[in-house]
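The values are calculated or read from the model by the stated rules, or taken from the named source; none is laboratory data. Quick caveat: nothing in here was measured; it's all calculated off a predicted structure. Backbone-built Cβ (ideal geometry, glycine too); neighbour counts: all protein chains shown.
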Amino acid sequence: MNYSYLSHLECPKCGETYPADEVRQLCACGSPLLVRYKLDELKNVLDKKMLLSRKPDLWRYHELLPITDEANVVTLGEGMTPLLALPRLGAEYGITSLLMKDESLVPSGSFKARGAAVGVSKAKELGVTGLAMPTNGNAGAAWALYAARAGIEATIVMPQDAPVITRSEVALSGARLYLVNGLISDAGKIVAREVADKGLFDASTLKEPYRIEGKKTMGLEIAEQLGWELPDVILYPTGGGVGLIGIHKALLELQALGWVQGKLPRLVAVQAEGCAPIVKAWEQRQAQSEFWPNSETLAFGINVPKALGDFLVLQAVYETEGAAVAVSDAEMSAEQARIARLEGAFICPEGAAAFAAARKLAASGWIAAGEKVVVLNTGAGIKYPDTVQVNPPLLQIGEFIG
Ligand SMILES: Cc1ncc(COP(=O)(O)O)c(C=O)c1O
Ligand SMILES: [Zn+2]
């Protein structure tokens, strides 16, 4: 049996194919590329029961990942995060089976470690020695740390108001860190110049095909953790949309393997009211989004005014009869506090946005009471200490509370 059943790269826009054993960025037509596997072959050699004896990390799905030689795997133990029941919050929403896929427990405190683990491992396998990327913070932190572990030089450019902790993570990892007085789209333009000048590997969202593969493991895990019975709805806080595209891809691959049956879950792309290009496109039944001017939200990870893979996100939403929903920053903050209070989980603002959307969709009847609903919490609340303001009373030593 092979470690990976990697076959080739394929363009979802024009259908062009490329070999997967050399460095590739976008398709010649400008579209992101998707990784394809020999699923027909794999179907005959891998039984899902064989997973049971494997380690609880994302590499348990190595046949469905693009690294062909196990020696190239760069890991910090990412994956197999809890799928937690939230009964009190569910009761409040009117949903009997509300589950949180909790990505706050992965190395670097956000699900970005999944994309980084697989992306950096594949870059190493392909002989990459230097990479560059723009980031809203968490991805840069994860990629810088995994690149350090792989011995690859990283150049990271992030908006100056990205969460401060992510700066420290990048700086400590030894990566070259630059701040930009602008958005991730501005950072992207700087990275494109740097990549062209210095011949670096461009690890920007969807400009290399392998980050999706890491993120798709969230979908594989959800299916496995539910005993290969898919939920009815999955909600995901959507910036670049890689996680949603990845989850959709994972579910299609599981269908092709015959490991899951029936209808796919309705996928919901959740955005912030201050940056909702995908929601706008979905409301107008468009295949692509338009650049969202002056975007602003406290959920920094989903402040992406125009995503390269917007058409793939929209396709996933349309094909699964899902939805795209925007929530306000006030709704996110209120939800973040509700979840800490009711369930003891301190989640990130992006995750809180997805919960706020679940609350809305349950209230409108789009989610029915008996449906099984999985919400992605994409990171740890403790990475964003400044989003919560508290002013407790200060006691003098020896003073009593009374
Ligand atoms: C915590 C968090 N959630 C969600 C996202 C959005 O991720 P995606 O690019 O998969 O849409 C990000 C991206 O930075 C993030 O940091
Ligand atoms: Zn193409």
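Values computed for the structure shown
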{"quantity": "Matching residues in the range 224-259 - criterion: being crowded, with 23+ Cβ neighbours inside 10 Å, among the small types (Gly, Ala, Ser) and farther than 22 Å from Pro277 by Cα", "calculated": "Ala250"}
{"quantity": "Among the residues listed as Ala85, Ala116, the single one being at pLDDT 95 or above and over 19 Å from Ile245 (Cα atoms)", "calculated": "Ala85"}
{"quantity": "Every pair of residues 6+ apart whose Cβ atoms lie under 8 Å, when the first sits in the range 106-130 and is under 20 Å from Glu63 (Cβ atoms) while the second is among the polar types (S, T, N, Q) and assigned to a helix (DSSP H, G or I)", "calculated": "Arg114/Thr217; Val118/Thr217; Ser121/Asn72; Lys122/Asn72; Lys124/Asn72; Glu125/Asn72"}
{"quantity": "Lone unmet requirement of (1) aromatic (Phe, Trp, Tyr); (2) surrounded by fewer than 19 Cβ atoms within 10 Å (Cβ to Cβ); (3) not in a loop (DSSP other than H, G, I, E, B) for Tyr3", "calculated": "(3)"}
{"quantity": "From Pro32, Pro19, residue being within 16 Å of ligand 2 (Cβ to nearest atom) and out of contact with any Lys or Arg (no Cβ under 9 Å at 6 or more places or on another chain)", "calculated": "Pro19"}
{"quantity": "Members of the range 13-23 that are surrounded by fewer than 17 Cβ atoms within 10 Å (Cβ to Cβ) and in a loop (DSSP other than H, G, I, E, B)", "calculated": "Lys13, Cys14, Gly15, Glu16, Pro19, Asp21, Glu22, Val23"}
{"quantity": "The range 367-395, residues that are surrounded by 22 or more Cβ atoms within 10 Å (Cβ to Cβ) and in a loop (DSSP other than H, G, I, E, B)", "calculated": "Ile367, Thr378, Tyr384"}
{"quantity": "Answer residue from the range 186-216, given it is assigned to a helix (DSSP H, G or I) and of a type in the set (Lys, Arg) and is farthest from the chain's Cα centre (by Cα) among those", "calculated": "Lys198"}
